[in-house]
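Structure, as structure tokens:
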DNA sequence: TCCTTCGATGACAGCATCTGTTGTCATCGA
DNA sequence: TCGATGACAACAGATGCTGTCATCGAAGGA
């Protein structure tokens, strides 16, 4: 018989999500979260470096994208490799339901939105050297990653709205939209 | 004779920048900044909502970009309007010297980098409705703004490195680079 | 000249986040 | 059986940030 319940970290994460949903991020203290998980405030900080991080632990998405990009066909354009990785990523992680709960909580708190942006930037920072290993110069790699993220954001937002389309379909569609945006079709006077 | 020295906010900003350069962001306390500016800690929070904001006060850039976009020629593509605004913006504000100091301090602290990203996101959020007033649908507007920001980041980074080129030149050049990236030129086997 | 009002600031108290340190108990392996 | 390790609690403390009230000087009118 173990002295402590197992999965302390998971218990903290679930308790935090529920408390944030119920009372908001700012109005729930770390001590409350820890108590709800049967731990002390100090133990919380053993698992998470700060209060916000309880919603952002783990970087499976980053690892997945980096791995996919590095494993991609060398004949592919850097942008193609990134978009292919993005297209298959979001369906793998995050059961849609908790993804929606998390998104709502994050959108409701500026502090959490801030951290969310930072996590996206971390993914971008990890993707740049991955492209470098494919022979892309760093400045260019950063640029391509930024463009891929712009496409990914538009595609993901559509994916959350209309549930019938595949993410990779929407990514391809958005990439085509980018082409039109950059080189607009000839305007005909009507 | 005024009871207090004038420009308390400016004194706080200058003192903060110097202390951050000297000791780092985390290792300088709000009380230190206030003391260096001849004020108390409490007064600091009257001017800035939090410690990080002392480096980010004012949103002249956001206001400028929004104004430029709204005043742009209606015949211009949304992306063209954004890029034209960006091309003329960064030279107007920020004497290059303090911009470099600020950038170095921000890059040295994760907390400040986080806030910096957030400020960029705020500018993006302000630009989306500005494009909306030009008749662009919101989702699309967000996308175009993200792309413009990607271009702007690459161009600005080049502008800081090579000092001889104009920002607007670099923006145009980077936009061309985007065209090639999206629709890569036909590869010839050598 | 006196008085009133007003705005900027100081002084102080208080809560929350986050850190360092130490002690305690189970579990594991020798 | 014993020492090492790991998981946690307990306590103390620095710092960020907020609420509240007193204070001082300036500006303006009577």
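Any read-out appearing in this document is the output of simple, stated calculations on the displayed coordinates, not a laboratory observation. The shown structure was predicted, so the numbers you read here are calculated from the model rather than taken from an experiment. Quick reminder, even Gly has a Cβ in these numbers, built from the backbone with ideal geometry, and neighbours come from all protein chains shown.
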Would you work out if region A:112-190 is rounded, prolate or oblate? Take a ≥ b ≥ c from the square roots of the eigenvalues of the alpha-carbon gyration tensor; rounded if a/c is under 1.5, else prolate when a/b is larger than b/c, oblate otherwise.
oblate
Could you work out the relative contact order of region B:83-190? I mean the mean sequence separation of Cα pairs under 8 Å and 6+ apart, divided by the number of residues, in percent.
32
Packing-based exposure ordering (other Cβ within 10 Å, fewest first) of A:51, B:119:
B:119, A:51
Counting other beta carbons within 10 Å of each Cβ, put A:54, A:105 in order, fewest first.
A:105, A:54
Peptide-level mean, for B:141-154, of C-beta atoms on other protein chains within 10 Å:
5
Length-normalised contact order of region B:1-68 in % [C-alpha pairs under 8 Å, at least 6 apart]:
29
How many nm separate the modelled label positions at residue A:103 and residue B:26, each set 7 Å beyond the Cα in the direction of the Cβ?
3.3
Three-way shape call for region A:8-54 based on the alpha-carbon gyration tensor, with the a/c threshold at 1.5:
prolate
Using per-residue counts of other Cβ atoms within 10 Å, averaged over each peptide, order A:76-83, A:8-15, B:146-153 from highest down.
B:146-153, A:76-83, A:8-15
Rounded to the nearest 10 degrees, the helix B:96-107 long axis (Cα) sits at an angle to the longest Cα principal axis of chain B of 80
Can you work out the PRE-style zone for residue A:92? Point 7 Å along Cα to Cβ, and I want the residues of region A:131-146 with backbone N under 14 Å.
none
Using Cα atoms only, what is the angle between the long axis of helix A:138-161 and the major principal axis of chain A, expressed in degrees (0 to 90) to the nearest 10?
70
So for the protein assembly as shown, what are the equivalent ellipsoid semi-axes in whole Å, largest first, each being the square root of 5 times an eigenvalue of the Cα gyration tensor?
36, 32, 20
How big is the Kirkwood radius of chain B, worked out from every pair of different alpha carbons and given in Å to one decimal?
18.8
For B:144, A:66, what's the fewest-to-most ordering of other Cβ within 10 Å of each Cβ?
A:66, B:144
Across every pair of different alpha-carbon atoms, what Kirkwood hydrodynamic radius in Å does region B:31-128 reach?
15.5
What angle do you read, to the nearest 10 degrees and between 0 and 90, between the alpha-carbon axis of helix B:60-71 and the longest principal axis of chain B?
30
Suppose a student asked you for the relative contact order of region B:15-134, using Cα pairs under 8 Å spaced at least 6 residues apart; what percent would you report?
31
